[in-house]
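Data block below; observations after.
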Amino acid sequence: MCRTIPLVTILLASAGLLAHGQQVFRSAVDLVHFGVVVTDKQGTPILGLTSENFEIVEEGKPQTIQFFAGGDPASAPPLHLGFMIDNSGSMVNDIADVRTAAIKFLNTVENVTDITLTDFATEVRVARFGPDDYPRLIERIRSRKPDGYTALYDALGVYLNGAASLTGDKILVLYTDGGDTRSAITQSELLDLLKVSDVTVYSIGYLQHQGSARYTQQQILTRFAATTGGQAFFPTSLKELDVLYGKILGEIAGRYNLGYVSTDPTMDGSWRDVRIQIVGRPDLKDVKIRTRAGYFAPYKPS
């Protein structure tokens, strides 16, 4: 199913999330989920860790890990992959190479429950495909002619709103060649939405046509990714795309998924800082851990 999303819908969706600044109360017991990537100094994912190698501390209080998966695709939670592609007018000269790399990436990724394709220009279009729908997915990627402005923030807001109801591991790969020029959502509002969400974002910004604005756009895309525990990449040539997609595939395969029930039963929607670290492995004291910095507690209206 493909949908073109009006701007008013985006505003209503984002306003609903930001009104409380947290996830909506669902049950008396909510499992807090964190996707985690552990890498060495060279950025290579470290595999083979167990739940005993992780420590979770929420607001200074240790938590008990009650769900763990990592290194074994058979035990991993459902993977919902989002792929977002810029179809604005500035893409007209590069779109063929960008589509070829994207299709190769999507044909390579494994163990995916579904893929949500979001393409954006002045408007935002969203379609979700199951594993048996790849021919339609590829056709959708190839079908739209680049045109219009760049509603990047709106596109991210739409995707995050749709992903909120999904259960499992949620990863979004975003490709764009420039900064936002059209959105109704502001950058600040979008950052709040990213903090509310449990989606991990990987940003790819091909910004060679941006001139002096390139560095500002790099900072923005890096901040979006870092807020979610993801990573941003900035190729200087479209030939680098296959290599970057390969790095993302490696991180997807090397992700650990940790879940726990907070010892704090308060349902006030407040932000809670969370620190995840490696324990019991002195040989891994210099590793880098990427994940989100915390979460908003469940909110139950009085």
Rounded to the nearest percent, how much of the accessible area of the chain (1.4 Å probe, protein heavy atoms only) is carbon and sulfur?
52 percent
Among Glu58, Glu123, Glu139, the residue with the largest mean-square fluctuation in a Gaussian network model of the chain built from Cα contacts under 10 Å is Glu139
Cβ-placed point charges (K, R +1; D, E -1), dipole of the chain about Cα centre in debye, nearest 20
260 debye
Under 10 Å, Cβ to Cβ, from Lys41 - net charge with Lys/Arg +1 and Asp/Glu -1
-1
Per-residue [θ]222 nm for the chain (sum of -39500 (n - 2.57) over DSSP H runs n ≥ 4, rounded to 500)
-9000 deg cm²/dmol
Of the cross-linked pairs Lys61/Lys247; Lys170/Lys300; Lys145/Lys239; Lys104/Lys285, which ones have a Cα-Cα span greater than 28 Å in the structure shown?
Lys61/Lys247; Lys104/Lys285
May I ask for the angle, rounded to the nearest 10°, between helix 214-228 and the longest principal axis of the chain, with both axes built from Cα atoms and the value confined to 0 to 90°?
40 degrees
In the chain, what percentage of the DSSP-assigned beta bridges are antiparallel, given to the nearest 5?
60 percent
What is the angle, in °, between the Cα long axis of helix 187-196 and the longest principal axis of the Cα atoms in the chain? Nearest 10 is fine, range 0 to 90.
40 degrees
Can you pull the one-decimal nm distance between simple spin-label points at Ser188 and Gln66, each 7 Å off the Cα toward Cβ?
3.7 nm
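The values are calculated or read from the model by the stated rules, or taken from the named source; none is laboratory data. Keep in mind that this is a model prediction, so the values were computed, not measured. Every residue, glycine among them, receives a Cβ derived from its backbone with ideal geometry; neighbour counts consider all protein chains shown. What goes into the accessible areas is simple: the full protein's heavy atoms, side chains included, and nothing from ligands, DNA or RNA. Shrake-Rupley method; radii C 1.70, N 1.55, O 1.52, S 1.80 Å.
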